[in-house]
Amino acid sequence: MSEVSELRQIELDYCRDNVVYYVRTYCVYEDKDAEELIQPFDMWDMQEKALLSIHENRLNIILKARQLGFSWLVISYASNVMLTKSGRTVIGLSRTEEEAGELVRRLGVEFRNMPLIKEKGNAPNGWDGPVFEQFTMKLVIHFQDQPDSVFKAFPSSPGSVRSFTADLVIFDEWAYQQFADLIWKSAYPAINRTTGGKFIGLSTNVRGTLFESKFTDVNNKFNKIFIPWYADPRRDKQWYEDTKLNCDGDITEEYPATIDEALMSIGGAYFPEVRLETHITDEPLKGNLIKYVSLDYGFDKLSVHWIQVDENFNAQVYMELDISNYNAMQAADAIFKLSKDEKIEMYLAPPDLWNRQATTGKSTAIVFHEHGIDLVKVENNLLQGCMRMKEWLYAPDGQKAKLTILKDCAPSLLRCLQKIQKDKLKPNIYAKTPHELTHDVDSLRYFCVYWILPAESSLKDKYRKWTQDMYEDYKNADDETKQYLIQKWGEPK
């Protein structure tokens with residue numbers, strides 16, 4: 001090894017544990033507002049503190065305001081992992097293929113402006129240091145006589161990370177990724193080793209997402225980092241006021257100053273009326289009851305609710321089932337098992353379950369029928385269904401709503417009802433993202449949109465309409481005769 005190579009290796013070894021020095025000395029970012037696009041990464045104070053915190057912790061989640069350079073910061077950290085030690089694997093996930101490819105492009109920008117590494121084909125004669133190759137969705141570092149380090153980028157999908165063992169996994173804009181629950185289940189084992197493995201998830205917040213759940217869970221082991229809008233020292237109070245004016249009002253979702261601001265969504269909840277005091281009850285419905293089952297089925301999630309209705313048209317959710325990765329046969333068997341001791345009036349389901357499957361030629365409804373569940377097709381007009389849900393969930397003056405949830409019997413439904421947001425373009429319906437919130441809400445919607453019959457009155461035979469002559473006879477009778485007349489005619493209606 002030449003003297004230059006030895007000095008380079010000494011520098012890389014130092015950079016491995018001194019990440020602030022590494023970023024300040026060797027990393028760059030693109031500043032669209034500067035005269036020169038490529039700028040040295042002279043970190044702000046909050047960026048530096050966040051970088052040190054990431055380096056010291058295995059599981060990291062960053063809740064941030066918009067446009068604060070944290071994607072560049074995380075890419076800089078990824079470059080350190082890959083360059084300072086050979087044989088490293090880093091995986092980056094973003095919402096779309098284009099955004100995932102952008103992570104690779106930024107990593108290439110950093111290496112292309114770094115003296116410690118050269119791009120393959122552009123290395124000077126005699127260069128014996130690391131070289132990199134950049135592809136659309138991958139970047140590879142080749143070392144002399146050592147294993148490669150690789151960065152792989154993927155759009156968010158459930159199986160993206162399943163077959164990999166990684167040194168670092170990055171979820172960019174985590175709150176906006178579809179199938180977040182399934183992706184996390186496959187990604188966590190990729191870094192869950194006793195000897196190493198690190199995770200970084202960063203995003204602005206979206207209500208009801210796995211990202212929000214992980215950030216607010218006080219019992220998990222995540223290192224939680226919050227970055228407010230003023231982390232950029234160039235942003236002063238006047239900048240904030242101008243931004244608020246140009247954005248027409250509340251901007252706390254995109255530019256929060258505190259964690260509380262970041263986690264709330266002003267006026268965005270679709271069911272603000274759903275509260276514990278008006279929609280949760282300790283008392284099961286009594287008297288004659290008629291029972292329904294409503295369900296939303298997809299392979300990613302089966303959501304089922306058992307609902308009882310009394311003779312006064314009060315409805316109550318008294319059981320739920322939420323489970324993933326069940327085929328139609330397993331789903332039908334699970335519902336049948338939980339319903340076998342119940343007298344169910346109808347099983348309500350959306351019309352897409354009657355579509356024939358290309359693999360079997362059968363519809364999901366037929367499969368359910370073969371396994372003892374006869375589904376009833378309901379209307380799937382979202383606007384109509386939302387309006388019917390509003391009617392059922394209306395709670396006048398703090399009274400109990402017509403539709404309640406029996407305490408501790410449907411926690412997933414309650415969570416989804418409280419967290420699901422208005423559609424930003426069509427505020428009369430609820431948003432269909434994040435997708436993990438919609439299954440339970442859709443299931444309840446199928447019940448609400450169907451014309452539900454109340455239970456038969458338990459007083460049907462006890463009360464009857466008396467004629468005027470009956471009232472006269474009763475009025476003139478002694479006590480014993482009055483009791484006889486009531487037994488004969490029934491109590492007056």
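The values are calculated or read from the model by the stated rules, or taken from the named source; none is laboratory data. Given the structure is predicted, the values throughout are model-derived calculations rather than measurements. No Cβ is skipped: glycine too gets one built from the backbone with ideal geometry, and neighbour counts run over all protein chains shown. Just so you know, the surface numbers come from the protein's heavy atoms only, side chains and all, with ligands and any DNA or RNA stripped out. Shrake-Rupley method; radii C 1.70, N 1.55, O 1.52, S 1.80 Å.
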Rounded to the nearest 10 Å², what accessible area does Tyr394 show when all protein chains are kept and the probe is 1.4 Å? 140
Counting only backbone N atoms under 20 Å from a point 7 Å out along Cα-to-Cβ of Cys247, the residues of segment 41-67 in range are 46-47, 62-67
Could you calculate, for segment 364-454, the ratio of the Cα radius of gyration to the Kirkwood radius, expressed as Rg to Rh? 0.99
Compute the distance from the alpha-carbon center of segment 184-260 to that of segment 417-450, in whole Å. 24
Just report the Cα centroid separation between segment 61-114 and segment 350-382, whole Å. 44
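Accessible area per residue of segment 86-154 at 1.4 Å probe, in Å²?
On the way: 3230 Å² over 69 residues.
Solvent-accessible surface per residue comes out at 47 Å².
Which order do Cys15, Cys409 take when ranked by solvent-accessible area (1.4 Å probe, heavy atoms of all protein chains), largest first?
Ranking Cys15, Cys409 by accessible area, largest first, yields Cys409, Cys15.
Just the number, please: carbon plus sulfur as a percent of the accessible area of the chain, 1.4 Å probe, no ligands or DNA/RNA counted. Can you show the working numbers first?
Working: 12400 of 25040 Å².
It is 50 percent, rounded to a whole number.
As a test of understanding, state the convex hull volume per residue of segment 34-102 from its alpha carbons, in Å³. Each step should come with its number before you reach the end.
Details: hull volume 9.7 nm³, N = 69.
Roughly 141 Å³ of hull volume per residue.
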On C-alpha positions alone, give me the angle between the axis of helix 180-191 and the longest principal axis of the chain, in degrees, nearest 10. 40
Lys432 versus Asn288: modelled label distance in nm, points set 7 Å from Cα along the beta carbon direction: 4.1
Got a number for the accessible area of Glu320? Probe 1.4 Å, square angstrom, nearest 10. 40
Förster radius 41 Å - calculated FRET efficiency between Asp352 and Phe313 (Cβ-Cβ, nearest 0.05): 0.90
Subtracting the Cα-Cα distance of Ser157 and Ser213 from 0.36 nm times their residue separation yields 18.2 nm
Expressed in nanometres to one decimal, the distance between label points 7 Å along Cα→Cβ at Arg415 and Leu52 is 3.5
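Please compute the per residue accessible area over segment 1-68 with all protein chains in place, 1.4 Å probe, rounded to a whole number of Å². Walk me through the numbers on the way to the answer.
Details: 3860 Å² over 68 residues.
Using a 1.4 Å probe on heavy atoms only, each residue of segment 1-68 averages 57 Å².
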nm² value of the averaged projected area, convex hull over the Cα atoms of the chain: 33.5
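Quick one: which of 170-179, 236-245, 85-94, 365-374 comes out on top by average Cβ neighbours within 10 Å, and what's the full order, highest first?
Working: 170-179: 23.1, 236-245: 11.6, 85-94: 21.2, 365-374: 16.9.
Order by mean packing, descending: 170-179, 85-94, 365-374, 236-245.
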Note the full-extension length gain between Gln483 and Thr25 as 0.36 nm times their separation in residues minus their Cα-Cα distance, in nm to one decimal. 154.9 nm
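Which percent, to the nearest 5, of DSSP beta bridges fully inside segment 205-348 are antiparallel? Mind dumping the intermediate values first?
Details: 18 of 22 bridges.
Antiparallel bridges make up about 80 percent of those DSSP assigns within segment 205-348.
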Beta bridges by DSSP in the chain, antiparallel share as percent, to the nearest 5: 45
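Take every Cα pair under 8 Å in segment 197-282 that's 6+ residues apart, average their separations, divide by the length, and report that relative contact order as a whole percent.
On the way: 44 pairs, mean separation 24.0, N = 86.
Normalised by residue count, the contact order of segment 197-282 is 28 percent.
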As I understand it, the value is the acute angle between the Cα axis of helix 3-17 and the longest principal axis of the Cα atoms of the chain; what does it come to in degrees, rounded to 10? 30
All alpha-carbon distances of segment 1-124, grouped into 5 Å bins from 0, give the whole-percent distribution 2, 9, 19, 24, 23, 14, 7, 3, 1, 0
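Using a Förster distance of 25 angstrom, determine the FRET efficiency expected from the C-beta separation of Asp128 and Tyr14, and round it to 0.05. Write out the running numbers ahead of the final one.
Values: r = 19 Å, r/R0 = 0.78.
With a Förster radius of 25 Å, E is 0.80.
Working with all protein chains in place, sort Ile10, Ile290 by solvent-accessible area computed with a 1.4 Å probe, largest first. Don't skip to the end; give the middle numbers.
Details: Ile10 110, Ile290 25 Å².
Most to least solvent-accessible, the answer reads Ile10, Ile290.
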For a protection proxy built on the mean count of beta-carbon atoms within 10 angstrom, sort 302-308, 2-8 highest first, please. 302-308, 2-8
Would you mind getting me the FRET efficiency between Glu370 and Phe222? Use the beta-carbon distance for r and R0 = 51 Å, nearest 0.05. 0.70
For the pair Tyr474 and Asp341, how long in nm is the line joining their label points, each one 7 Å along Cα→Cβ? 4.1
